[in-house]
1. Taking K and R as +1 and D and E as -1, what net charge do the other residues with C-beta under 10 Å from the C-beta of ASP285 add up to?
2. Between 0 and 90 degrees, rounded to the nearest ten: what's the tilt of helix 19-28 against the longest Cα principal axis of the chain?
3. In a shell of Cβ-Cβ distance under 12 Å around TRP619, excluding TRP619 itself, what net charge do Lys and Arg (+1) and Asp and Glu (-1) give?
4. Determine the gain in length on full extension of the stretch PHE521-ALA566; use 0.36 nm per residue of separation and subtract their C-alpha separation, reporting nm with one decimal.
5. In nm, to one decimal, how far is the modelled label at ALA195 from the one at SER138, with both set 7 Å along Cα→Cβ?
6. Near the amide H of ALA292, under 5 Å away, which other amide H atoms are found, from residues 5 or more places off or on another chain, if H is placed in the peptide plane?
7. Identify all aspartates and glutamates with a Cα-Cα distance to LYS107 below 16 Å; exclude those on the same chain that are fewer than 8 residues away in sequence.
8. Just how far, in whole angstrom, is the stretch 708-775 from the stretch 164-240 if you go by their alpha carbon centroids?
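Only the coordinates and a few stated rules stand behind these numbers; no lab work does. A quick note: this is a predicted structure, and the numbers were derived from the prediction, not measured. Every residue, glycine among them, receives a Cβ derived from its backbone with ideal geometry; neighbour counts consider all protein chains shown.
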Amino acid sequence: MKASYRWLKDLVPGLDADPSALTEHLASRGAPVEDVVWPGAALADVVVARVLEAGPHPNADRLSLCQVDAGAEPVSVVCGAPNVRAGGWYPFAPVGAVLPGDFRIKKAKIRGEVSEGMLCSAKELRLGVDHAGIMELSGEFEPGESFVAALGLDDVTLDVEITANRGDLLSHVGLARELAAMAAGTVDLPGLPGAPNLSIEYRAGSPRVEAGGVSVEVRDEGLCPRYLGAVLRGVTIGPSPTWLQSRLRGAGARPINNVVDATNYVMLELGQPLHAFDLSKLKGDAVVVRRAGPAETEFTTLDDESRKITGDMLMICDAERPVAIAGVMGGLHSEVDESTTDVLLECAWFDAKAIRATRRALGMSTDASYRFERGIDAEGMEQALKRCIQSILAVAGGSLDGPVLDCGEGRYEALEVPLRLSRIERVLGIPFEAEHVGSLLRPLGFTLQNEENGTLTFRIPGFRSHDVRREIDLIEEVARTHGYDAFPQDLGAYRPGTVPDHPLFQLEDELRHELAAHGLFETQTPAFVPPGEGDVEVSNPLASTEPLMRRAVLPSLLRRVEYNLARGNRDVRFFELGTSFTRAGSGLPPVERPHIALALTGRRRPAHWSYAPEPFDVWDLKALVEVVSRHAYRGSATVDVDQEGAGPFDTGSGFVVRDASGAVVGQAGRVPPATLDLPAWAGDVWGLELTLPSEPAAAPVPTHTPLPHFPAVERDLALIVPDQVTAGAVLDRIRAETGALLEDARPFDLYSGPGVPDGTRSIAFRLRFRARDRTLKDNEVDRSIEKLLGALAEAYGIRSRG
């Protein structure tokens, strides 16, 4: 949003801050100023001059020779524009002046005649696009006076960054509300020179209303709840007066003609887009608001571009054909031009989503669509229309013919939101008095309706109805206007919330902490993937190379591994908590599942002189698989060797994770090098992808166990275990058979070779027994060992090695 500094000062009585102070204040309110531009900075050398004589060049048919009064002795100027006339006022660059683009004016001889300066066009001054004719000025001036001062270009343009939720700031009045606290706390619309006092009558009706031979019909009130149309007759189209052109240029806009400039003036001032139609070009003196018909596929807009339109686009039509794309741009064949005498002025309320969809489908954006998309002030339509009518009558003459046509049943119904002082203190940490809260919110347009028992009820104005709907929204406004820098730096007392996080969020936090402790870095990659990695199509992809949503997270993670290896980073440890998308049945939304993926390559530990570097291997991967599955499924999942080699990993190098029902929920292993783009020196790349439960079990509550007072008894068992029996199965049996006296059990040695029968291997386990209430005796431990060996022999054919 480009805003005029002078315009803002005129809207806020008593505001005397300089542009830098305004910039700082707006930034503190959440509307930072991206740039500050002085429109007349490059035109300091240009003056206003009067052409005393204008005649043909004696040696050139297309040139004219002029005598120009620029405040001193008249000078001779050769000019190529056809519109120069004696008695006219024009911008003049004397010899030595520098124009925009670092163009220096020199004394020159053109076809035998001396030219001592240049009469300038709007394009040469970078104040417009017209270069066919010299820029003629309207009004009374003194020869030689500053062109910048004469046209009001001694202004400052503030380029303000506006967030999508603050459509009310896309106007000078909206910004003025934010600045009101710097002065008297009020916003007043400045008077319009020559504007008449008006008492406007409205003729309402739905779906059609007619008056004075002109009709308005709205056939889709869902997309256009309200449409106002005013008929102005006897207007004279021409250049706008200096004050209006100055306003527009100060706000970064280009003057066009007095009627169009008046509509742009009101849009920039109040934020309500308006459009003027040449009434004589509307067939049947009618306006019909409807969707495009089946035969209406092409439409030429004001910029002389042919646009493809579809049946879901809302159009403004006359009795026969479309004349404008609603809320986006008018049509070329209904525009106001020099021959226009009668105008139909439109002020409408269009559905924001419909305008956004139309604008995106057409691949264009305009000042009007930008504001309609973010929501206009439905409560301020009548004020905007009246302001625009007054502006047009002041600068183009004419009169208002009959009542304003008011079609549609849409009316703004104000929302009243209660605001508790106790809630403000709880959220912001400091107490606020009711009077102070009122003083903060009143300049922003919120009206205090009631105060009772510490609760203030505020009426929400139309221009804030799109982003202020709840109590917390008002609290945000209190914090913003109070000033974030004004809050104390010390933290107040903290009381945790009573509503726990969802178990899935708790699980994700657990996994983050656990994997970070193992030296892994969390990443976040986009969910958009190329063909072959997904099934769910995106209707409007960010890039044509990534039109699908991913079915797995690991491929995106592996691309980041390739990226790091290509830049010489040999040690990569990534994990990501993301979502997978799979296609559901016809007409159903895609199925989303939470996933966790890991990708690792390089050294097991950081380089150090005290040990030789060791690469990350399959056992490190298995340890991480067990850690992740244990947290995700609370110990109910099992990790097995992947015998079949299914999935994206090398056969015989991976693992599968099964939940309690036996279903495969995860796979891990070595990624085939052929599927990756790796440097020649790269080592093995290992990966894991696991589906997390949508409703995981709650984490176990930590319990405290005091340190033991009695000694432990340790026994080592060397067992001959068949190859098909896993060490994990043996451990489970050991824990089940030894009872409460067993404190810990773990394998510590593996042997196969001489002395061990074929088809078996020797696994040594260390068992630690302890009683909490006494010192154990050897015979108690011996009985547990004998019972255990009998159970192992019966279940798996395991025997003691001796």
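1. Here the charged neighbours net out to -2.
2. Once rounded, one gets 30 degrees.
3. Details: positive: ARG604, LYS622; negative: GLU614, ASP617, ASP620, GLU626.
Overall, the nearby charge balance is -2.
4. Details: separation 45, 0.36 × 45 = 16.20 nm, distance 1.83 nm.
Residue separation times 0.36 nm, minus the Cα-Cα distance, leaves 14.4 nm.
5. 1.8
6. MET313, MET315
7. Straight-line reach from LYS107, under 16 Å: ASP45, GLU73, GLU116.
8. What the calculation gives is 86 Å, centre to centre.
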